[in-house]
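The next block holds one structure in the form of structure tokens; read it before the comments.
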Amino acid sequence: MSEVKKIATRESYGNALVELGNEHDDLVVLTADLAAATKTGVFKKAHPDKHINVGIAEANMTGIAAGLATTGKVPFCSSFAMFSAGRAFEQVRNSIGYPHLNVKIGATHAGISVGEDGASHQCNEDIALMRTIPGMVIINPADDVEARAAVKAAYEYVGPVYLRFGRAAVPVFNDEATYKFEMGKGIVLKEGKDLTIVATGLTVPESMEAAKMLANDGIDAEVINIHTIKPLDEELIIASAKKTGRVVTAEEHSVIGGLGSAVCDCLSEKLPTPVKKIGMQDVFGESGSAAALIHKYQLDAEGIYNQIKEFLK
Amino acid sequence: MNKLELQKTANEIRKGIVTSVHAAKAGHPGGSLSCADIMTYLYFEEMNIDPKNPKKEDRDRFVLSKGHCAPALYSTLAQRGYFPVEELTTLRKLGSHLQGHPCMQHTPGVDMSSGSLGQGISVAVGMALSAKMYGNDFRVYTLLGDGEIAEGQVWEASMFAGFKKLDNLVVIVDNNNLQIDGPVTEVCDPYPIDEKFKAFNFHVINCDAHDFDSIEAAFKEARETKGMPTAIIAKSLKGKGVSFMENNVAWHGTAPNDEQYAIAMADLEKVGEALCQK
């Protein structure tokens with residue numbers, strides 16, 4: 001078997017911005033002293049006059065992006081998820097969300113796969129925060145192909161979008177030739193009848209692996225990739241839950257307020273179904289390699305498999 | 001407009017402020033009255049705008065960073081012809097386009113939603129930056145409270161504006177010396193305000209917020225200033241024009257009752273009559 005190519009979705013973000021910048025004069029990329037880390041540095045190289053560094057001032061960057069949007073520009077506001085969604089939450093809420101301005105928030109370094117920097121920089125709360133803002137679209141792509149497509153879709157969409165990217169290189173499992181990104185539409189990666197795994201971001205390929213392990217035990221799992229957490233593809237999730245009767249969610253985020261909560265919000269109202277939420281169990285992360293952390297917090301295939309087995313007991 | 005016409009217009013705008021806040025039984029009259037002359041000058045003299053085409057692309061922009069003074073903005077916009085003056089009495093009521101704080105999606109002429117202090121200046125900086133990046137000529141004005149400048153974001157925005165030499169940006173500080181909890185010097189002393197903006201690479205002008213000669217000179221100087229943004233520190237009187245509201249912190253966020261409203265309007269009618277004698 002050939003080695004799977006790995007690319008961090010933050011790289012995809014930078015590369016997609018360069019391509020968009022080649023075609024669109026109204027695209028402006030902002031960063032708060034994190035051009036290299038958020039990978040907007042490649043955009044700066046290609047389009048220096050459209051790259052704005054505001055210094056370490058995320059609240060101000062968010063407002064500047066809003067101001068640019070009021071003049072018809074399409075700003076991509078780039079920082080770490082911790083600061084984009086955390087520090088600048090109220091600016092995102094009041095200066096972008098409330099007036100529904102056409103600002104794209106490119107949040108990199110989301111989740112525990114930040115790794116060695118530790119809990120202060122590992123944002124497991126951003127999806128929860130962004131979900132509460134009316135009209136905010138939230139996209140958490142799973143690989144390079146999906147991430148680049150998501151950035152382009154976010155540009156085409158008029159309105160605020162929160163794009164969530166990771167620091168660590170993750171497997172490229174989508175085939176660029178056939179992949180189609182549709183905002184708000186989940187993707188069934190594997191059909192099954194015994195339970196549904198709804199995954200997002202880097203837990204998607206891990207969930208596929210877990211499904212293979214479950215198959216060895218005679219359990220036929222359906223795997224759904226939810227790249228758009230808001231608006232959620234409720235139709236797809238309800239149809240799958242109706243078929244399997246059991247749902248597991250997997251995300252590199254707190255189980256409070258993230259994909260798991262979004263799925264529960266939907267199912268509890270429309271089709272009450274037993275749900276197991278896999279994610280950060282209301283704890284902070286810690287320093288360590290991304291792989292070690294993903295393993296410790298049971299977000300890898302083995303961890304997901306074990307938690308599902310427990311759930312099925 | 002000559003000075004007398006500006007004074008008369010400002011007086012009408014003050015009546016609209018008092019009338020709308022009275023009708024709403026809530027709102028912020030003190031800081032709205034203190035900035036009424038500045039607002040008058042901006043919308044009747046300074047800014048390139050068209051009430052018939054509120055979203056005209058090359059228009060000058062205004063961001064009310066001290067968004068709680070929405071009554072001043074609404075009354076000014078109504079006087080300028082963006083919407084009927086009669087609508088001012090719907091302020092803060094269910095279904096009105098006149099929200100408690102400015103909402104750009106609902107009210108014609110409002111260039112940015114605001115209300116959470118410290119944020120408007122960043123948005124104004126973004127607008128000014130856009131004009132510079134894309135070679136547009138429009139200018140951007142933003143009005144801040146002197147209490148508001150305690151927000152750290154104000155200085156993030158100022159540092160960037162000074163660094164980027166945004167000479168199409170004018171930051172006005174309505175320096176009425178009072179904030180909700182008392183005199184600004186007792187809450188968290190912001191002085192010296194002018195020196196602070198100077199340190200952030202602004203051209204700084206001190207002016208009298210209730211003297212149209214002083215206001216005119218300030219905006220003229222701002223327009224002539226190249227290579228750096230301008231900050232106008234406008235020394236004002238909170239509650240200006242209404243006897244019992246002047247320099248009284250109690251009127252920061254309180255609406256007059258019927259009796260007080262009658263006195264307030266009588267005060268303003270008297271000013272109006274005096275202006276008509278001129």
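Overview of results
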| item | result |
| --- | --- |
| Qualifying residue in the stretch A:113-120 (condition: more than 14 Å from chain B (Cβ to nearest Cβ) and in contact with a strand residue (DSSP E or B) (Cβ under 6 Å, 6 or more places away or on another chain)) | no |
| When residues of the stretch A:42-57 are limited to those that are buried (at least 23 other Cβ atoms within 10 Å of the Cβ) and within 9 Å of another protein chain (Cβ to nearest Cβ), the one farthest from A:V29 (Cα to Cα) | A:A57 |
| Candidates A:L20, A:L34, A:L30, filtered to the one that is modelled with pLDDT of 95 or more, touching a Ser or Thr at 6+ places or on another chain (Cβ under 9 Å) and either in a helix (DSSP H, G or I) or within 12 Å of another protein chain (Cβ to nearest Cβ) (or both) | A:L30 |
| Pairs, first at negative phi and part of a helix (DSSP H, G or I) in the stretch A:268-294, second polar (S, T, N, Q) and crowded, with 22+ Cβ neighbours inside 10 Å, C-beta under 6 Å, six or more apart | A:A290/A:S113 |
| Breaking point among (1) over 13 Å from the mean Cα position of the chain (by Cα); (2) more than 7 Å from chain A (Cβ to nearest Cβ), for B:Q119 | (2) |
| Top-ranked residue in the stretch B:93-111 [being among the aliphatic types (A, V, I, L, M) and without any contact (Cβ under 8 Å) to a residue 60 or more places away in the chain; ranked as farthest from the other protein chains (Cβ to nearest Cβ)] | B:L94 |
| B:A218, sole failed condition from (1) touching a Cys at 6+ places or on another chain (Cβ under 9 Å); (2) farther than 27 Å from B:E12 by Cα | (2) |
| Residue list for the stretch B:246-262, restricted to those being surrounded by 15 or more Cβ atoms within 10 Å (Cβ to Cβ) and farther than 19 Å from B:D211 by Cα | B:N248, B:V249, B:W251, B:H252, B:G253, B:T254, B:A255, B:P256, B:Q260, B:Y261 |
| Given (1) outside any loop (DSSP other than H, G, I, E, B); (2) within 14 Å of chain A (Cβ to nearest Cβ), index of the condition B:K55 fails | (1) |
| Test: residue in the stretch B:128-136 that is among the hydrophobic types (A, V, I, L, M, F, W, C), at the interface with chain A (Cβ under 10 Å from one of its Cβ atoms), touching a Cys at 6+ places or on another chain (Cβ under 9 Å) and at negative phi | no |
| Output for the stretch A:185-203, where each listed residue is part of a loop (DSSP other than H, G, I, E, B) and either more than 17 Å from the chain's Cα centre (by Cα) or surrounded by 19 or more Cβ atoms within 10 Å (Cβ to Cβ) (or both) | A:G186, A:E191, A:G192, A:K193, A:D194, A:T200, A:G201, A:L202 |
| Residue in the stretch A:81-103 that is more than 12 Å from every other protein chain (Cβ to nearest Cβ), aromatic (F, W, Y), touching a residue at least 24 places away in the same chain (Cβ under 8 Å) and not in a helix (DSSP H, G or I) present | no |
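Conditions tested, residue by residue: (1) farther than 17 Å from A:E251 by Cα; (2) out of contact with any helix residue (DSSP H, G or I) (no Cβ under 8 Å at 6 or more places or on another chain); (3) not basic (K, R).
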residue	(1), (2), (3)
A:R93	yes, yes, no
A:P99	yes, no, yes
A:A107	no, no, yes
A:G118	yes, yes, yes
A:C123	no, no, yes
A:D126	no, no, yes
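The values are calculated or read from the model by the stated rules, or taken from the named source; none is laboratory data. All figures in this text were calculated on a predicted structure; none of them were measured in a lab. Heads up, the Cβs are rebuilt from the backbone with ideal geometry, glycines too, and the neighbour counts pull from every protein chain shown.
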